[in-house]
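To keep things clear, I will list the structure first and then write my remarks on it.
No lab work stands behind these numbers, since they all come straight from the coordinates. Keep in mind the model is a prediction, meaning the values are calculated, not measured. Quick reminder, even Gly has a Cβ in these numbers, built from the backbone with ideal geometry, and neighbours come from all protein chains shown.
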Amino acid sequence: MRLIDISRPLYVGMPVWPGDTEYRFQLAWTKEESGSVNVGQILLSTHTGTHIDAPYHFDENGKKVHELDLSLYVGTVRVVHLPRRESIGASDFQGIDLEGVKRLLIRTDSWTDPARFPQSVTFLREDLAPFLGEKGVKLLGLDVPSVDRLDSKELPVHHALHKEGIHILEGACLSDVEEGDYELIALPLKLEGADGSPVRAVLRQW
């Protein structure tokens, strides 16, 4: 068995969505101060690093993190490599077998410098949502910060995927992951009322 970590590291100074909460870690208590232990404190956005979007993120009536079905985030996943594209839609999957695929990860290779928040990345087109919905996909993950254009305010792809019952995983590290089938484990924290959650995402390969 081999575990492949597809999570972005969390560190002070890491790139975050412009204007969002910057990641912070510090020791609230040191061993010297407490007499026994170091205790850390973190400050971060619910969309820091590799994370899932709960529907509540973009839909006031959508489910929140603690209401999500955990089985979405554990199980067989197919990784598809679609590099060097401005956008990805249904036509890009011509000839790609998605029979029986419930979880799908798309490797775009378009976030080229992980130390900087990108100016632009491969985005999805709205027609991909009904295509994947018809195939039975329930979780879609990408190696970029958003399924939509980075400057989008309407988030049409978020809404189109939601309409098809497809949940979203963003910001995965897939640069060293080959196409094929794996087992995905990417569980969100049980955050009451939250709109998203960082995840420690791994692929298991037997």
List the chymotrypsin sites (Phe, Trp or Tyr not before Pro) within the range 1-49 that fall in a DSSP loop (any state other than H, G, I, E or B) and whose Cβ has at most 16 other Cβ atoms within 10 Å.
-> Tyr11
Looking only at lysines whose Cα falls under 25 Å of Lys102's and that sit 8 or more positions away or on another chain, we get Lys63, Lys64, Lys135, Lys138, Lys163, Lys190
In whole angstrom, note down how far apart the Cα centers of the range 97-133 and the range 1-64 are.
-> 23 Å
Expressed in nm to one decimal, what extension gain is obtained for the pair Asp151 and Ser45 from 0.36 nm per residue of sequence separation less their Cα-Cα distance?
-> 36.3 nm
Surrounding net charge for Arg2, when Lys and Arg each add one and Asp and Glu each subtract one, Cβ distance under 13 Å | -3
Net charge of Cβ neighbours under 15 Å - reference Asp59; Lys, Arg +1; Asp, Glu -1 | -3
For the chain, the Debye formula with one identical point scatterer on each Cα and no solvent gives log10 I(q)/I(0) at q = 0.17, 0.18 Å⁻¹ as -1.20, -1.34
